[in-house]
Amino acid sequence: MRLLLYLDPSPRREAAIALAGPLIRRPGVSVSLLATEEDLRASPGLLDEAASSLPADPPPSRISRPGPAERAIVEETQTRPYDLLVVPPAGRGGIHRLRKDSRIASLVRRVGGSVLVARGPANSPARVLAAIGGEGMAEVIAGAAAFVSDAYGAEVILLHVRSEVDLPRAGRSIRPSPDEGLPRAHAFLDSLGVASALRRREGFLVEEILAEAEAAPAGLVLLGSPEGSEEERRLRDETTERVLLECPASVLVVRSSFPAPAAGPGSPPRV
């Protein structure tokens with residue numbers, strides 16, 4: 001797995017470093033550190049200090065690009081393929097934070113790989129909440145949940161929300177069954193030896209994800225970002241943006257390309 005960790009000079013970077021560290025310890029993970037040229041002029045030791053605190057072997061590469069941050073990240077991910085981007089949270093509260101988080105949501109849409117938006121506190125999450133739909137990403141999201149739970153030593157909760165609103169797919173409306181993706185994800189995790197708890201809710205998708213994240217409580221929420229029609233992608237983008245705006249926990253947006261762990265014999269096929 002190729003991991004890109006973006007850093008700025010603010011204290012918010014500590015949350016990103018704290019979440020990236022255990023992931024970097026996993027076998028086969030290589031890491032690159034990225035900062036804007038403007039931030040490095042203001043804080044010349046930014047990347048060196050981060051590199052010294054990370055357990056990377058081989059040591060992380062250090063990259064700088066012209067800012068602003070979104071431009072630097074997008075250009076870097078277009079130049080080299082990365083499986084996972086880790087970025088700090090947006091910052092201050094109120095309207096300022098909402099504007100910043102909206103730009104993070106825009107960044108998530110523009111980056112090809114999976115994206116982890118790391119929020120404080122700067123420690124590993126004790127519980128991981130993975131939102132499972134019926135769109136064919138169940139095993140991919142479950143694999144991502146297994147990867148992060150192994151890194152953090154976290155419990156895994158699998159959630160399916162039966163939406164009160166019909167979702168369009170291929171020109172028709174559907175109501176995904178709670179039994180489409182949830183058992184597949186559970187079986188996939190079981191084949192990896194990862195225990196998981198199942199949760200089912202009915203209501204509005206974002207509200208129920210946020211409610212379960214608060215009830216758990218979850219330090220990290222996983223959302224799938226599957227391919228699909230333009231209308232499906234628009235709805236998924238709206239869901240992702242609202243969760244990024246409103247969820248106080250860290251959020252991992254999982255693309256279908258996420259390198260999930262291999263399952264054992266008899267595991268369900270990835271769809």
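What follows is calculated from the coordinates using simple rules that are stated; it is not laboratory data. This structure is a prediction, so every number in the text was calculated from the model and none was measured. Every residue, glycine among them, receives a Cβ derived from its backbone with ideal geometry; neighbour counts consider all protein chains shown.
Sort out for me the Cα centre separation of the range 108-127 from the range 9-44, rounded to whole Å.
12 Å
For the range 210-221, just list the computed ³J(HN,Hα) in residue order, Karplus coefficients 6.51, -1.76 and 1.60, θ = phi - 60°, integers in Hz, with x standing in for Gly and Pro.
5, 5, 5, 4, 6, 5, 4, x, 9, x, 9, 10
Dipole size in debye (nearest 20) for the range 2-117 around its Cα centre, Lys and Arg Cβ +1, Asp and Glu Cβ -1? Mind showing how you got there, number by number?
Details: 17 positive and 13 negative charges, 85 e Å.
Using only the charged Cβ atoms, the result is roughly 420 debye.
How do the peptides 212-222, 238-248 rank, highest first, by the average count of neighbouring beta carbon atoms within 10 Å per residue? Intermediate values should be presented prior to the final figure.
Details: 212-222: 21.0, 238-248: 17.8.
Answer by packing, highest mean first, reads 212-222, 238-248.
Can you work out the Karplus-derived ³J(HN,Hα) for every residue in the range 193-208? Use 6.51 cos²θ - 1.76 cosθ + 1.60 with θ = phi - 60°, whole Hz, and x for glycine or proline.
x, 10, 6, 8, 9, 9, 10, 10, 9, 10, x, 7, 4, 5, 4, 6
Determine the gain in length on full extension of the stretch S53-L198; use 0.36 nm per residue of separation and subtract their C-alpha separation, reporting nm with one decimal.
Values: separation 145, 0.36 × 145 = 52.20 nm, distance 3.60 nm.
Once the chain is fully extended between S53 and L198, it gains 48.6 nm.
Using θ = phi - 60° and the Karplus form 6.51 cos²θ - 1.76 cosθ + 1.60, what ³J(HN,Hα) does each residue of the range 140-155 get, whole Hz, x for Gly and Pro?
These are the phi-based 3J(HN,Hα) values: 5, 5, 4, x, 5, 4, 5, 4, 6, 5, 5, 5, 9, x, 9, 6 Hz.
Specify which residue in the list S43, P60, P81 is farthest towards the positive end of the charge dipole of the range 40-88, using unit charges on the beta carbon of Lys, Arg (+1) and Asp, Glu (-1), about the Cα centre.
Ranked along the dipole, the leading option is S43.
Using 0.36 nm times the number of residues separating A211 and E38, minus their current alpha carbon distance, what extension gain do you get? Please report the intermediate quantities before stating the final value.
Working: separation 173, 0.36 × 173 = 62.28 nm, distance 3.93 nm.
Here the answer is 58.3 nm.
Quick one: which residues, 5+ away or cross-chain, put their amide H under 5 Å from the amide H of A126? H built at 1.01 Å from N.
For A126, whose amide H was placed from the backbone, the distant partners under 5 Å are G219.
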